Amino acid sequence: MIYLAEFCRLFIFIVLVLAAWGKTNSFARFRDSLADTLNVPVQWRLLSALGLVATEWMLAAMLLIDGSWRALAMQAALLLFVSFALYIASILIKHRLVSCHCFGWENRHVNAYDFYRALILIAACFIMLTFTSSALTLVPASQWLLFGCAFMLAQITIHLPDVAALLRHDA
């Protein structure tokens, strides 16, 4: 189970890095969208955007630190993903059209696949928190193999709406 926990840690790390990277690269658009998307007052949008992006970068960095910081980072990531899931659920229930800015600037609206993505991330956090152990350390080759697999799953998860559309198109 240590491999599964390590896989989930790397998966969450990659997702957080890609989310923070995307928001950082399109920061002005992301900042401006917060006023509309989250009903953040204009005077607070810069601080809100900086806070969210900094939180994602910080949690990703903390996941690289061995020990209690790693568990704390995963608990905070779990809280972040649960918050995202609840927000997405409220958008879907109210049938609001809200642009997705989860991984930077995207020209599409939040949909059910964004909610499913949040559930996948929540499950990965739970798995990592449940099965993590410092009793066994993995050899670098195992770490890199897990990293590669986690990167592929992160890409599929990030692009879940696109993957679903492709699968529906091919069926």
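The values are calculated or read from the model by the stated rules, or taken from the named source; none is laboratory data. Computed from a predicted structure; not experimentally measured. Note: ideal-geometry Cβ built from the backbone for every residue, glycine included; neighbour counts use all protein chains shown. Side chains are part of the model used for accessible areas, which takes the heavy atoms of the whole protein and leaves out ligands, DNA and RNA. Shrake-Rupley method; radii C 1.70, N 1.55, O 1.52, S 1.80 Å.
Note down all Cβ pairs under 6 Å where the first residue falls in the range 14-35 and is within 23 Å of Leu121 (Cα to Cα), the second is open to solvent by 40 Å² or more (accessible area, probe 1.4 Å) and part of a helix (DSSP H, G or I), and they're at least six residues apart or on different chains. Partner pairs satisfying both residue conditions: Ile14/Phe151; Ala20/Trp57; Leu34/Arg45; Leu34/Ser48. Among the numbered criteria (1) under 30 Å from Pro140 (Cβ atoms); (2) free of Cβ contacts under 8 Å to residues at least 60 places away in the same chain; (3) not acidic (Asp, Glu), which single criterion is violated by Leu50? Failing condition for Leu50: (1).
Regarding Leu86, is this residue assigned to a helix (DSSP H, G or I), open to solvent by 60 Å² or more (accessible area, probe 1.4 Å), under 18 Å from Ala150 (Cα atoms) and modelled with pLDDT of 90 or more? For Leu86, the condition - assigned to a helix (DSSP H, G or I), open to solvent by 60 Å² or more (accessible area, probe 1.4 Å), under 18 Å from Ala150 (Cα atoms) and modelled with pLDDT of 90 or more - is not met. Number of residues in the range 63-83 that are part of a helix (DSSP H, G or I) and open to solvent by 80 Å² or more (accessible area, probe 1.4 Å): the value is 5. Would you pick out the residues in the range 89-110 that are under 21 Å from Gly22 (Cβ atoms) and modelled with pLDDT of 85 or more? If the condition is that a residue be under 21 Å from Gly22 (Cβ atoms) and modelled with pLDDT of 85 or more, then Ile91, Val110 are the ones that fit.
Considering only residues that are aromatic (Phe, Trp, Tyr) and either over 19 Å from the mean Cα position of the chain (by Cα) or more than 20 Å from His159 (Cβ to Cβ) (or both), which ones fall in the range 1-44? Spell out the reasoning first.
Residues of the range 1-44 that are aromatic (Phe, Trp, Tyr), as a first pass: 3, 7, 11, 13, 21, 27, 30, 44.
Hits for the range 1-44 are Tyr3, Phe27, Trp44.
Of all residues assigned to the range 39-57, at least one qualifies as being over 29 Å from Met128 (Cβ atoms) and open to solvent by less than 60 Å² (accessible area, probe 1.4 Å).
Note on the range 1-28: residues that are surrounded by 15 or more Cβ atoms within 10 Å (Cβ to Cβ) and at pLDDT below 85 total 1. The residue list Leu34, Leu52 contains one member that is part of a helix (DSSP H, G or I) and out of contact with any Ser or Thr (no Cβ under 9 Å at 6 or more places or on another chain), which is Leu52.
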